[in-house]
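**Q** One structure coming up, written as structure tokens, with questions to follow.
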Amino acid sequence: MEKITSSLEVSAKKSLGQNFLVDQNIIRKIIQAINPQAGEYIVEIGPGQGALTEHLLAAGAHVIALEKDTRMVEPLQKLSAKYDNRLRVVLGDALEQDLTQLSDQPLKLVGNLPYNVGTQMVFNALKLGSHIKGMTFMLQKEVVQRITANPQNNHWGRLAVWCDLYTQRQKLFDVPPTAFHPRPKVTSAIVSLTPRADKKHQVDDTKLERVLNKSFTQRRKMLRASLKGTLSIEQIESIGIQATQRPETLTTEEFCKLAHLL
């Protein structure tokens with residue numbers, strides 16, 4: 001297998017938040033986490049010049065690469081020709097792409113997500129249901145902490161609740177700045193999200209979103225203050241939650257119970 005990452009053909013573009021993965025040991029660990037299988041379909045978001053892509057293709061997977069940077073088309077097309085045209089490159093913004101239209105097969109989602117699009121990409125993917133069979137993302141470490149946090153933790157918030165509701169979450173390992181070129185100023189981490197067959201708790205998403213936004217906009221406030229005008233103290237305490245609690249102490253189930261009151 002060619003070491004494409006050892007001689008980068010295209011320089012990183014700061015405006016796109018690009019940092020190319022060049023550490024072969026880290027690449028191997030990520031591939032092990034993704035566990036690509038022959039014949040399966042994988043959507044890779046932001047493949048760059050193919051550091052992960054080639055390993056996915058070598059395992060026999062079909063890869064649909066969503067890439068915003070037109071300069072990456074040529075390096076990726078070289079890979080497609082090498083691997084029986086099992087690589088399809090889709091140019092455009094992944095946030096604007098309807099992932100369900102890319103294939104009628106269940107998809108794995110993978111990618112090194114820039115900070116400015118990472119959380120929104122995760123939110124979008126959560127709602128795709130049975131069309132997605134697994135997600136393995138590299139994100140800024142702080143974002144991974146927010147995804148995998150549990151109650152009683154400072155990182156517990158809206159993102160963690162949604163991810164817990166729809167998926168089984170696991171932080172796998174950190175990725176140091178030295179694994180990239182150019183080196184970012186922050187540490188990254190790999191997170192695995194496995195969609196649940198059904199939501200952890202049945203709830204109206206619109207109502208839950210309203211409760212979470214109210215609760216976490218001023219997260220240091222007690223529920224009686226943050227939910228004022230939305231739910232009364234009597235309503236909150238009718239389901240066994242103290243109105244003096246702060247949102248980081250509530251479980252996903254308790255937020256769902258609050259949503260049921262609306």
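The values are calculated or read from the model by the stated rules, or taken from the named source; none is laboratory data. Remember, it's a predicted structure, so these values are computed and weren't measured experimentally. Here the Cβ is made from the backbone with ideal geometry for all residues, glycine too, and neighbour counts use every protein chain on show.
**Q** Return the pairs, sorted by first residue and then second, in which the second residue is among the charged types (D, E, K, R) and surrounded by 20 or more Cβ atoms within 10 Å (Cβ to Cβ), the first residue lies in the range 115-139 and is closer than 17 Å to residue 100 by Cα, the beta carbons are less than 7 Å apart, and the residues are 6+ apart or on different chains.
**A** Here the result reads 133/108; 134/108, each pair linking the range 115-139 to a residue that is among the charged types (D, E, K, R) and surrounded by 20 or more Cβ atoms within 10 Å (Cβ to Cβ).
**Q** Could you grab me the full set of residues in the range 22-50 that are touching a helix residue (DSSP H, G or I) at 6+ places or on another chain (Cβ under 6 Å) and surrounded by fewer than 23 Cβ atoms within 10 Å (Cβ to Cβ)?
**A** 22, 23, 26, 31, 36
**Q** Looking only at residues in the range 1-44 that are of a type in the set (A, V, I, L, M) and in a loop (DSSP other than H, G, I, E, B), which one is modelled with the highest pLDDT?
**A** Within the range 1-44, the first condition is being of a type in the set (A, V, I, L, M), and the residues that meet it are 1, 4, 8, 10, 12, 16, 21-22, 26-27, 30-31, 33-34, 38, 42-43.
If we keep only those that are in a loop (DSSP other than H, G, I, E, B) as well, we get 1, 8, 10, 12, 22, 38.
Numbers: 1: 44, 8: 47, 10: 48, 12: 46, 22: 91, 38: 98.
The extreme case among them is 38.
**Q** When the residues of the range 176-205 are filtered to those that are out of contact with any Asp or Glu (no Cβ under 8 Å at 6 or more places or on another chain) and of a type in the set (Lys, Arg), which remaining residue is farthest from residue 112 (Cα to Cα)?
**A** The qualifying residue farthest from residue 112 (Cα to Cα) is 199.
**Q** Hey, does the range 77-96 have a residue that's in contact with a strand residue (DSSP E or B) (Cβ under 7 Å, 6 or more places away or on another chain), surrounded by 16 or more Cβ atoms within 10 Å (Cβ to Cβ), of a type outside the set (A, V, I, L, M) and within 29 Å of residue 203 (Cβ to Cβ)?
**A** no
**Q** Given the criteria more than 17 Å from residue 249 (Cα to Cα) and not assigned by TED's automatic domain parsing to the domain that holds residue 148, does residue 200 qualify?
**A** Numbers: more than 17 Å from residue 249 (Cα to Cα): yes; not assigned by TED's automatic domain parsing to the domain that holds residue 148: yes.
So residue 200 fits the description; yes.
**Q** Only one of (1) in a loop (DSSP other than H, G, I, E, B); (2) polar (S, T, N, Q); (3) surrounded by 15 or more Cβ atoms within 10 Å (Cβ to Cβ) fails for residue 202. Which number is that?
**A** (3)
**Q** Moving to a separate point now. Among the listed residues 229, 240, which satisfies the condition of being touching an Asp or Glu at 6+ places or on another chain (Cβ under 9 Å), part of a loop (DSSP other than H, G, I, E, B) and over 15 Å from residue 157 (Cα atoms)?
**A** Working: 229 fails: touching an Asp or Glu at 6+ places or on another chain (Cβ under 9 Å).
Just a single option satisfies the conditions, and that option is 240.
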